[in-house]
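Notes follow once the structure below has been shown.
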Amino acid sequence: MTFKDEIERRRTFGIISHPDAGKTTLTEKLLLFGGAIQEAGAVKSNKIKKGATSDFMEIERQRGISVATSVLAFEYNGIKINILDTPGHKDFAEDTFRTLTAVDSVIVVIDVAKGVEEQTEKLVKVCRMRNIPMIVFINKMDREGKDAFDLLDEVEQKLGLKVTPLSFPIGMGYDFKGIYNIWEKNINLFSSDNRKDIEETIEVSDLASPELDNLIGDAAANTLREEIELVDGIYPEFNKEAYLNGDLQPVFFGSALNNFGVRELLDCFVDIAPKPRPKQSEERMVNPDEDKFSGFVFKIHANMDPNHRNRLAFIKIVSGEFKRNAPYLHVRHNKKVKFSSPNAFFAEKKEIVDISYPGDIVGLQDTGTFKIGDTLTEGEVLNYKGVPSFSPEHFRYINNADPLKSKQLFKGIDQLMDEGVAQLFTLELNGRKVIGTVGALQYEVIQYRLEHEYGAKCTYENLNVHKACWVDPDDEKNEEYKEFLRVKQRFLAKDKRNQLVFLADSAFSLQMTQQKYPSVKFHYVSEFE
Ligand code: GDP
């Protein structure tokens with residue numbers, strides 16, 4: 001197979017959902033289709049179980065499982081599929097945001113009864129910002145839920161999507177009879193008692209045919225005819241180009257648990273989902289089929305075991321071939337590095353591989369040289385954009401509790417921030433350090449890890465911050481900007497990349513500041529055009 005063929009046959013994507021919508025179950029069924037696992041139950045949920053929030057070690061242990069499920073790769077009809085894990089738990093939303101920089105498309109799973117939930121909204125918003133192609137899977141059709149049309153409306157309104165169903169449910173819950181596949185024009189009848197590995201489908205080229213009445217009964221057949229007519233009338237025809245541009249999202253219905261409607265989803269996915277896409281670096285656009293290797297770090301996983309303090313850095317390959325033992329340029333350090341044991345990921349295991357292709361993820365052993373967003377190349381200076389930080393939700397001062405260990409403390413903080421555990425802000429006024437996190441839990445994690453991995457002790461002190469806003473430095477010469485810097489000095493800080501951040505103490509003060517200094521531009525994300 002040529003290098004181009006290898007790129008052509010890769011699909012790298014993530015499944016996003018609110019916890020409990022069925023992401024793990026769907027992942028598992030996809031792996032079953034790929035023959036990558038033999039039985040249900042093989043994929044460990046990386047879900048943080050409810051009630052575990054009081055015990056962060058338990059959470060970290062559970063999260064540890066997610067190393068195994070960070071990347072799940074399998075083959076289906078000659079297509080190499082890489083599923084990147086995206087934690088649904090809100091305290092780990094940052095992890096998921098960053099992983100979304102490494103996917104070429106996503107599948108959004110929605111629970112038919114619960115509809116669009118909070119985490120789904122947040123994650124879809126990030127995908128929309130990047131025009132990531134999305135397919136929607138409405139799950140749990142074997143349960144009573146919302147009316148299909150109402151739900152499609154809700155998806156459009158709450159998620160800001162433009163949808164078009166490619167399959168449609170026949171009944172629901174107790175009366176769920178199956179799925180009409182609009183994409184392939186056939187019907188798949190549901191029977192909940194037999195766990196089907198391969199579904200049998202019945203061709204229905206003409207919905208008007210009396211055969212349909214025989215299959216599902218007169219009443220259901222008539223309803224389906226009316227509904228499909230409505231679908232044709234309301235929703236645009238599927239258009240691959242629009243989907244790839246992020247302008248149109250096809251919708252499938254099914255039940256992951258019953259392995260129903262999953263094959264339809266998968267077949268359509270391998271057909272329409274994008275192969276590895278070009279990626280913008282600060283310097284230029286990089287195409288996957290370029291000869292020279294380049295890639296970037298989107299995730300770092302630390303080992304919590306103090307005896308094995310190594311970390312695994314996850315690299316998404318953007319262009320060229322990644323080869324074992326080849327010297328690559330660590331752009332930020334301007335240093336050549338070699339990797340003797342790069343890991344590739346398969347369904348449940350990782351293996352050392354000699355060569356990987358664009359779209360693939362490799363795991364590199366790291367002793368602290370990488371941070372999230374780092375770029376590796378064959379020599380060219382490239383910096384991949386698009387691993388932004390979002391404003392944290394919680395802010396606390398971090399204080400050194402053991403003056404003899406300040407070096408250890410700073411080293412520890414530095415490394416934990418590189419891993420993306422939390423964000424560090426240094427106040428302009430007095431140099432005090434502020435840790436910002438997405439979940440309150442991270443403070444305990446940081447304290448524990450500083451002590452056990454770095455031998456340093458810290459305490460926290462509350463700080464009232466509503467949001468961190470990155471300040472656009474474009475107007476440095478502007479008088480208004482200078483006044484803003486002077487008046488608001490005590491709310492200003494620098495992030496790790498030395499970018500200026502305004503720590504607004506309330507929504508009101510942010511609004512007032514914005515009104516007073518209209519030319520100063522604030523951003524909720526650390527990267528802006
Ligand atoms: P995740 O948190 O999104 O990974 O959700 P899981 O895959 O762990 O599923 C959450 C719960 O919903 C589990 O108890 C599943 O068995 C159940 N579930 C998943 N899919 C379906 C489905 O199609 N129908 C029904 N009735 N339950 C489902």
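The values are calculated or read from the model by the stated rules, or taken from the named source; none is laboratory data. These numbers were taken from a predicted model, which means no experiment stands behind them. Virtual Cβ from ideal backbone geometry, glycine too; neighbours counted across all protein chains shown. These accessible areas exclude ligands, DNA and RNA; they are computed on the full protein's heavy atoms, side chains included. Shrake-Rupley method; radii C 1.70, N 1.55, O 1.52, S 1.80 Å.
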Next item on the list: Report the calculated FRET efficiency for Ile228 and Lys385 (r = Cβ-Cβ distance, R0 = 51 Å), to the nearest 0.05.
Entry: 0.75
Next item on the list: State the percentage of accessible surface on the chain attributable to carbon and sulfur atoms; use a 1.4 Å probe and exclude ligands, DNA and RNA.
Entry: 47 percent
Next item on the list: Take peptides 461-469, 357-365, 91-99, 211-219 and line them up by average Cβ neighbours within 10 Å, highest first, as a rough protection proxy.
Entry: 357-365, 91-99, 461-469, 211-219
Next item on the list: Provide the packing ranking of 370-378, 76-84, i.e. peptides ordered by the mean count of other C-beta atoms within 10 Å per residue, highest first.
Entry: 370-378, 76-84
Notebook entry, point to check: Mind checking Rg over Rh on segment 405-529, alpha carbons, Kirkwood formula for Rh?
Noted result: 1.01
Next item on the list: Can you tell me the FRET efficiency between Glu241 and Ala401 if r is taken as the Cβ-Cβ distance and R0 is 41 Å, rounded to the nearest 0.05?
Entry: 0.10
Margin query: If you count only protein heavy atoms with a 1.4 Å probe, what accessible area per residue comes out for the chain, rounded to a whole Å²?
Written below: 44 Å²
Notebook entry, point to check: In deg cm²/dmol, rounded to 500, what helix-only [θ] at 222 nm does the chain give when every DSSP H run of at least 4 residues adds -39500 (n - 2.57) and the total is split over its residues?
Noted result: -8500 deg cm²/dmol
Check: If R0 is 56 Å, what FRET efficiency do you get for Leu207 and Arg497 from their C-beta distance, rounded to 0.05?
Finding: 0.45
Next item on the list: Would you mind checking the pairs Lys23/Lys90; Lys292/Lys349; Lys338/Lys496; Lys80/Lys336 and listing those with alpha carbons more than 25 angstrom apart?
Entry: Lys292/Lys349; Lys338/Lys496; Lys80/Lys336
Note to self: Quick check: the distance between the Cα centres of segment 115-168 and segment 384-449, to the nearest angstrom?
What the structure shows: 35 Å
Margin query: Given Cβ point charges of +1 (Lys, Arg) and -1 (Asp, Glu) and nothing else, what value in debye, to the nearest 20, does the dipole of the chain about its Cα centre take?
Written below: 2880 debye
Check: For segment 279-377, rounded, prolate or oblate, judged on the Cα gyration tensor with a ≥ b ≥ c (square roots of eigenvalues), a/c < 1.5 rounded, else prolate if a/b > b/c?
Finding: prolate
Notebook entry, point to check: Which value, in nm² and rounded to one decimal, describes the direction-averaged projected area of the C-alpha convex hull of the chain?
Noted result: 26.5 nm²
Item checked: Folded to 0 to 90 degrees: helix 118-129 orientation relative to the chain principal axis, Cα -> 80 degrees
Next item on the list: Between beta-carbons, use under 12 Å as the cut-off and find the net charge around Glu321, counting Lys and Arg +1, Asp and Glu -1.
Entry: -3
Item checked: Net charge over other residues, Cβ less than 14 angstrom from the Cβ of Val270 (K, R count +1; D, E count -1) -> 0
Note to self: Starting from the 7 Å offset along Cα-to-Cβ, what nm value, one decimal, do you get for the label separation of Val337 and Val525?
What the structure shows: 2.6 nm
Next item on the list: Using only Cα atoms, find the angle between the long axis of helix 56-68 and the longest principal axis of the chain, and express it within 0 to 90 degrees, rounded to the nearest 10.
Entry: 60 degrees
Check: For Asp147, what charge total do you get from the other residues with a beta carbon under 12 Å from its beta carbon, if Lys and Arg give +1 and Asp and Glu give -1?
Finding: -4
Check: How far is helix 218-234 tilted, in degrees, relative to the longest principal axis of the Cα atoms in the chain, given as a value from 0 to 90 rounded to the nearest 10?
Finding: 50 degrees
Next item on the list: Please work out the Cα center distance from segment 471-529 to segment 224-269, rounded to the nearest Å.
Entry: 44 Å
